[in-house]
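The values are calculated or read from the model by the stated rules, or taken from the named source; none is laboratory data. Please read these numbers as outputs of a predicted model, since none were measured by experiment. Ideal geometry is used to build each Cβ from the backbone, glycine not excepted, and the neighbour counts take in all protein chains shown. SASA here: full protein model, heavy atoms, side chains in, ligands and nucleic acids out. Shrake-Rupley method; radii C 1.70, N 1.55, O 1.52, S 1.80 Å.
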Amino acid sequence: MTESNHIEYKSKLSGSLEKEVVAFLNYQDGGHLYLGVDDNGQTVGLSDPDGDQLKIKERLKNNIQPSVLGLFDVILEEVDGLSRIKVIIASGSEKPYYIRKQGMSPKGCFLRVGSASEPMTERMIELLFAGRTRNSIGRIVSHRQDLTFRQLKIYYEESGFDLGDQFASNLELQVEDGRYNYAAYLLSDQGGNSVKVAKYAGTDRVDLIESNEYGNCCLVKATKQVLDKLDLENRTATQITSKQRIDQRLYQPVALREAVINAIVHNNYANEVPPKFELFADRLEITSAGGVPTGLSQAEFFKGYSVPRNKELMRIFRDLEMVEHLGSGVPRILRDYSEDAFVFTDNFIRMVFPASVKASGETLPKTLPETLPETLPDGANKTPQRVLEVLSSNPQMTLEEVSVEVGKSVSAIKRAVGRLKLEGKLRHVGSQKGGHWEVLKYESTTPNSTIYFHE
């Protein structure tokens, strides 16, 4: 690899560390800084890699503003017996980032341009500052201030950390005046956002057979409960053939864990909409609020470039070793599932994992089955099908509620409803406020054969 807008090489730790990191923080999708590598990309090694790791963490923590905790990883690598350090830097949401002693000026603000870190102009700095994100969970004041953190402290102690008395400040759980922020509320014992795991009998949302809610507790605890529940549901299916017996989990465990944690850590909590997890007879759907982060394309999303939506949560989940490192989640999912498993809308991201076996015992491909067109990326012919599915499950829903569920604008839902009425598939009965919908024609595939499962 050669140096590029995403990659920078340094043979040793130098005084330009902060400058290079600031440039990546201000760049649209971050980048990677390698230490112990020459300009040609050859590993030359470091004399004190462990000491350099500690110095890097301290310098980035203390010398860059706004806080970059949760936006970088420092990883020690061995190549041909030589040690090098890889610093993964995510694009921050509080741009412009700057070197503390130089201030928010062209001397302190840099941007990655090609393979170089260039000073930013005053105009660029002003525009970035004017557009700085203000609705992050680190800036929103918690509506409750009587918070306790017994569960979070236990998890940190189990991981070998002593939080101490200043833990709220150290973990960035406070706003500037010392009050708890919304990140603190999510991680407190009183966290009220309920994460739902629903299970349906068939392939649609008509027959709900189980609904579990994990809330009123620390988000870390809720995450572990969801992981435990889905691990229990991720049964081993036995397929009996004429020659052999094949045992296979319904969903790939590593990809499943990454998808769950990604959905929870990167969910947009600003509107108090938690992620949801839905089990069907032939698939698992994981839906998180918030589309692809601003400044990141879908192609960059799949390549693993990271723009953490909630850096406070990311930092804590990394402390507790529940995530590996920045940008690793999506590539690990793509080892087992194709990009077709991701459905993007303006306000949501949905991951759809087909079960590895059908009810008949037939092995499924790792792409979405043809019998589920409503889970594919929406085209003009997909939205009406999703509307029918939603209204068949709850005929009392308003078009605004259908819009949220389907992940399309209200105007798009109105167009779909008009089309369905003309095709004789849908009608509205009663008054506009007190009436209900009648689905006149809706075809859905339901498994009708049997397979043996091991609990």
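General remarks:
- Highest mean first, the peptides 335-348, 84-97 sorted by other C-beta atoms within 10 Å per residue fall in the order 84-97, 335-348.
- Per-residue ellipticity at 222 nm, computed for the chain from helices alone with -39500 (n - 2.57) per DSSP H run of at least four residues, works out to -8500 deg cm²/dmol.
- Region 219-238-region 244-309 distance, computed between alpha-carbon centres (Å): 14
- Label corresponding to Rg and Dmax of the Cα atoms in Å when calculated from the structure given, among (i) 24.5, 78; (ii) 20.7, 63; (iii) 22.0, 68: (i)
- For the chain, the share of DSSP beta bridges that are antiparallel, to the nearest 5, is 85%.
- In the full protein context, region 174-243 carries 45 Å² of accessible surface per residue, based on a 1.4 Å probe and ignoring ligands, DNA and RNA.
- Normalised by the number of residues in the chain, the mean separation of alpha-carbon contacts (under 8 Å, six or more apart) gives a relative contact order of 13 percent.
- Computing FRET efficiency as 1/(1 + (r/R0)^6) for Ser338 and Gln145, where r is the C-beta to C-beta distance and R0 is 45 Å, gives about 0.45.
- Accessible area of the chain belonging to carbon and sulfur atoms, whole % at 1.4 Å probe: 46
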